[in-house]
Every structure is written in structure tokens, then in C-alpha cells.
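Inspection log for the structure reproduced underneath, given as C-alpha cells.
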Amino acid sequence: MMIQDLAMLYPQHVQTTCERTSEALARGGYDHLVVPSGTLHYHVFDDRDYPFATNPQFKAWVPLTRHPGSWVVATPGRKPKLVYLQPADYWHVVPEAPAGWWVEQFDIVVIRTPEEALQHLPADPSRCAILGEPQSALGNFVPNNPPAVLNYLEFHRAFKTPYEIAMMREATRIGVRAHRAAERNFRAGSSEFGIHLAYCQAAGQDANDLPYGNIIALNEHGAVLHYTERDRVAPRESRSFLIDAGASFHGYGCDITRTHARDTQGEFQAMIDAMDAAQLRMCDEVRAGFDYRQLHLNAHLAIAGILRDFGITRLSPEAAVETGVSSVFFPHGIGHGIGLQVHDVAGFAESDRGGTIPKPAGHPYLRLTRVLQPGMVVTIEPGLYFIDLLMDELRQGPRAGDVDWARVEAFKPYGGIRIEDNVACTDAAPTNLTREGFAAA
């Protein structure tokens with residue numbers, strides 16, 4: 001990505017953020033928005049700190065992710081202010097002075113101690129909406145997180161600016177490069193831990209930089225939805241590889257999942273191909289005005305069709321969904337919003353004033369229930385797994401006769417399949433950021 005592209009897109013992003021902030025403050029009855037970047041947290045009975053995680057409300061304004069003790073102050077009608085902590089410190093690397101394509105959009109004040117920030121925050125904390133965690137309190141500036149302000153800002157954060165889409169494209173470019181390296185290491189016979197290290201090396205990001213913990217699962221481990229153990233020793237036979245791993249760029253993330261078969265001519269590869277084709281059809285449903293809940297239900301029908309086609313169940317897709325059999329093989333939601341956070345906020349928001357849109361009955365793990373609109377970026381991640389716990393429950397229940405258990409046993413050594421893309425809703429056809437990234441790699 002060219003720096004001049006960011007320099008062109010960023011001012012409009014800040015303008016949009018200022019406009020949203022003005023409306024949010026008006027609704028909450030406040031004069032100022034005050035956003036701390038966050039503070040370091042320390043282990044109990046120890047002087048070792050946890051990895052720092054920037055307040056998402058802070059990085060919505062500035063592309064800074066390693067700057068505890070800094071603040072953004074936004075007052076309608078004024079240029080936003082950045083209070084930038086650059087401590088005098090010889091124990092750690094001191095952040096460089098603010099510079100680059102983004103600094104002209106802010107009045108920047110550099111401070112040397114966290115307490116100096118008080119000189120540059122608004123005079124009356126009671127007139128401020130302060131968004132952050134309790135540990136970020138400084139003097140009388142204690143985060144109050146007023147619901148009226150948060151509801152508005154988080155609801156509209158679903159609609160990404162062109163700058164944000166560009167940031168997510170760059171995160172995707174990095175993630176795709178690392179996914180390619182991970183697949184090469186799988187085919188070379190590496191362990192899960194070895195594949196993880198290869199991924200981080202290719203991304204140029206370690207566990208603290210990545211947007212979430214890598215899921216690197218060989219063989220049966222692919223049936224554990226959030227598998228993060230990463231065995232150090234490679235299995236004697238690597239049959240399958242499920243990788244759910246992302247990358248970050250200036251606070252924005254991508255979330256990509258792929259499943260690979262060792263035998264590219266075998267039946268498990270054929271099932272991956274069927275899932276891939278179905279997933280692409282689901283991605284094409286990311287259209288303005290389409291209810292994401294219906295997209296999730298449609299995914300169940302598609303996966304139930306694959307289960308029948310591969311002889312695993314004897315049910316029609318409609319019957320598999322109605323009886324809950326499809327949920328045994330696909331127990332999670334079709335996806336979620338993504339952007340500054342991997343599971344972006346306000347997934348259930350009824351409006352920018354609050355309220356909740358319920359999940360479909362029988363589908364408790366869906367993370368997004370809103371109607372899709374231009375600017376939204378969502379993940380589409382159908383899965384098909386052979387999970388011992390759920391298989392045992394099905395085998396002991398009234399629908400056991402609807403399943404060919406010999407076929408289940410044949411597929412269990414492969415764990416499962418998940419394929420995930422990040423897709424932007426537009427005024428026309430959806431933009432699949434992930435497939436674009438793989439095509440360009």
C-alpha cells in the first residue's frame with residue numbers, strides 16, 4: 001500500500017469520525033469525547049506486565065497500537081487533540097515523536113509522564129464522555145462509558161470508511177502471505193508449533209501483534225473449534241490441516257481460515273471443494289438489505305446438503321436443519337463483523353439508540369443479527385466438523401438412525417473443515433477482501 005493512498009483517505013476518515021462523535025455527544029448530553037489509549041496491567045504478585053491491548057475507541061482515531069498513557073480529545077467544532085505520551089525511559093524503547101501521513105489531522109501535545117495529560121484534558125470531567133476501561137482512570141477522568149454515546153458510535157462503527165477498508169486490505173495481504181507459508185510447512189511435514197512459527201515469521205508479527213491467537217490444527221485437532229495447543233512434535237501422518245489465523249495493520253485485522261488435505265485427490269479434499277463452492281455462494285449473499293440471520297440459516301441448508309451428498313446423513317437439508325442435526329456438524333455461527341476488533345461490536349444492535357435483534361431460535365452462537373448495509377465488513381465462515389462430544393450425543397439420541405456412522409468414522413480422523421473470508425457489503429456486488437488477497441499473492 002502506498003503512503004500517499006493513506007494520506008488521501010485518512011482525512012475523510014477523521015472527518016467522518018468527528019461527525020459521528022458530534023452526534024453521539026449530543027445524544028448523551030456531553031461536550032467532549034475523551035478516549036484513553038489504555039494502561040499496562042501487571043501480573044498479581046509480580047512486576048511482569050500483560051501484553052498491552054489498545055482501547056479500540058482510541059485506535060478508531062489514530063493508527064497507534066503501542067502507546068499506553070496517551071489520549072484523544074474530540075470537541076465538536078475543534079480539531080481533535082492527541083495527547084501523546086513519550087516518556088523519559090532508559091529501560092524500554094521510547095516511542096518516536098509523532099510523524100507521518102496522519103499527524104496533520106490532530107493538534108498534538110507530547111507529554112513525558114502519564115500525569116501530565118491532566119493539563120491537556122478538558123477542564124470539567126463531568127462534561128466528558130470518557131470511553132475506556134476502569135484502569136485507565138487519571139485523576140477525576142474516570143471512564144463512564146455512557147450508553148447513549150457508546151450505542152451510537154459502536155452501531156456506526158459497522159460502516160467502514162474507505163480508509164478502514166484500505167487498512168483491512170493491507171492486513172489481508174499480510175495474512176495471505178503467512179497462510180501461504182503455513183501451507184508450505186504443513187506439506188513439508190512440520191509440527192503445529194513449527195507451522196505457527198512459520199506463520200509468524202512470514203507475517204512479521206508475533207503473538208502480541210496478531211489480532212487473535214492462531215488456530216493451527218492437524219488431523220483430529222481440526223474438530224476443536226478453538227484449538228490453540230500447538231503440539232511441538234509432528235504426527236506420524238499429517239492427513240489434514242485447519243488454520244484460522246489473521247494479521248494486523250495499524251489496529252485493523254483480518255480473519256482467515258483455510259482447510260487443506262494431504263491427499264489432494266482423496267475424498268476429504270472433495271469435501272473441502274464442496275464446502276469451498278458453498279462458501280463462495282454464501283459470500284455472494286452479502287448484499288445490502290439482506291438479513292444476516294437468514295444467511296446463517298441458508299448456510300445450514302447448504303452444509304446439510306453436503307452431509308447428504310457425502311452419505312453422512314440420510315435427511316433432506318430442510319429436515320436436517322429442522323431437527324437440529326445440521327447443528328451437530330455445524331455448531332457455531334456463520335460469522336461476525338470485523339474491523340478494529342476481530343469480533344466487532346454492536347453485532348446485535350437494533351439501532352444506534354440501543355436495543356437487541358434476537359438470534360434465530362436454536363442458534364445461540366451467532367454473533368451478528370443485523371441487516372447488511374453498504375460499508376459493513378463481515379466474515380463468512382461455514383464449518384463442518386466431526387466432534388466426539390456432539391457425535392456421541394447424536395448417536396444416543398432419537399435421530400441416530402438418520403446418520404451413517406461408518407461414514408462418520410471414516411471422516412473423523414480429518415477433524416473438520418472451516419473456510420473463512422472477510423467480505424465487504426457494497427451498493428452492488430460484495431467485495432471479497434480475502435479472495436482478492438489470495439488472487440494477488
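The table below gives the values:
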| item | result |
| --- | --- |
| Under-5 Å amide H pairs with residue 70, H placed in peptide plane, nonlocal only | 37, 38, 85 |
| Max mean-square fluctuation residue, GNM over the chain, Cα-Cα springs under 10 Å, options 70, 316, 238 | 316 |
| Alpha carbon Rg of segment 246-361, scaled by the compact-globule rule 2.2 N^0.38 Å | 1.24 |
| Cα centroid separation, segment 358-411 to segment 199-231 (Å) | 22 |
| Overall form of segment 348-425 per C-alpha gyration tensor (a/c, 1.5; a/b vs b/c) | oblate |
| Of the DSSP H helices in the chain, those whose Cα atoms cover at least 27 Å axially and whose Kyte score averages -0.5 or more | 3-28 |
| Segment 119-187 shape via C-alpha gyration tensor axes, a/c threshold 1.5 | prolate |
| Computed [θ] at 222 nm, helices only, for the chain once each DSSP H run of length n ≥ 4 contributes -39500 (n - 2.57) | -10500 deg cm²/dmol |
| Where segment 151-249 is the region considered: accessible area per residue in Å², 1.4 Å probe | 40 |
| Note, ³J(HN,Hα) from phi for segment 113-122, Karplus 6.51, -1.76, 1.60, rounded to Hz, x at Gly and Pro | 10, x, 5, 4, 4, 4, 5, 10, 8, x |
| Residue-normalised accessible area of segment 12-121, expressed per residue, 1.4 Å probe, Å² | 53 |
| For segment 182-339: rounded, prolate or oblate by the Cα gyration tensor [a/c cutoff 1.5] | oblate |
| Built amide H within the under 5 Å cut-off of residue 160, gap 5+ | 376, 377 |
| 3J(HN,Hα) from dihedral phi, segment 346-354, Karplus parametrisation 6.51/-1.76/1.60, rounded to Hz, x for glycine, proline | 6, x, 10, 5, 6, 7, 7, 9, x |
| Cα-based equivalent ellipsoid, the chain: semi-axes from gyration tensor eigenvalues, Å | 42, 25, 20 |
| Residues whose placed amide H lies under 5 Å from that of residue 383, excluding near-sequence neighbours | none |
| Candidates 355, 339, 251: whichever shows maximal mean-square fluctuation once the chain is modelled as a Gaussian network with Cα springs under 10 Å | 355 |
| Candidates 278, 400, 349, ranked by Gaussian network fluctuation over the chain, Cα under 10 Å, top entry | 400 |
| Using θ = phi - 60° and Karplus 6.51 cos²θ - 1.76 cosθ + 1.60, couplings along segment 322-328 (whole Hz; Gly, Pro as x) | 4, 7, x, 5, 4, 6, 5 |
| Cα→Cβ-extended label distance, 7 Å offset, between residue 120 and residue 99, nm | 1.8 |
| Solvent-accessible surface (1.4 angstrom probe) belonging to residue 200, in square angstrom, nearest 10 | 20 |
| Pairwise FRET efficiency - residue 393 versus residue 53, Cβ, R0 = 41 Å, nearest 0.05 | 0.65 |
| Whole-number percent relative contact order across segment 286-423, with pairs defined as alpha carbons under 8 Å at least 6 apart | 31 |
| FRET efficiency estimate (nearest 0.05) - Cβ-Cβ, residue 180 to residue 5, R0 25 angstrom | 0.55 |
| Accessible area of the chain belonging to carbon and sulfur atoms, whole % at 1.4 Å probe | 52 |
| Net dipole in debye of segment 31-118 [+1 Lys, Arg Cβ; -1 Asp, Glu Cβ; about Cα centre; nearest 20] | 300 |
| Chymotrypsin sites (Phe, Trp or Tyr not before Pro) restricted to segment 15-119 and DSSP loop, no more than 10 other C-beta within 10 Å | 45, 90, 91 |
| Residue 272 accessible area, assembled protein chains, probe 1.4 Å, Å² | 10 |
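The values are calculated or read from the model by the stated rules, or taken from the named source; none is laboratory data. Bear in mind the structure is a predicted one, so any value in this text is a computation, not a measurement. No Cβ is skipped: glycine too gets one built from the backbone with ideal geometry, and neighbour counts run over all protein chains shown. What goes into the accessible areas is simple: the full protein's heavy atoms, side chains included, and nothing from ligands, DNA or RNA. Shrake-Rupley method; radii C 1.70, N 1.55, O 1.52, S 1.80 Å.
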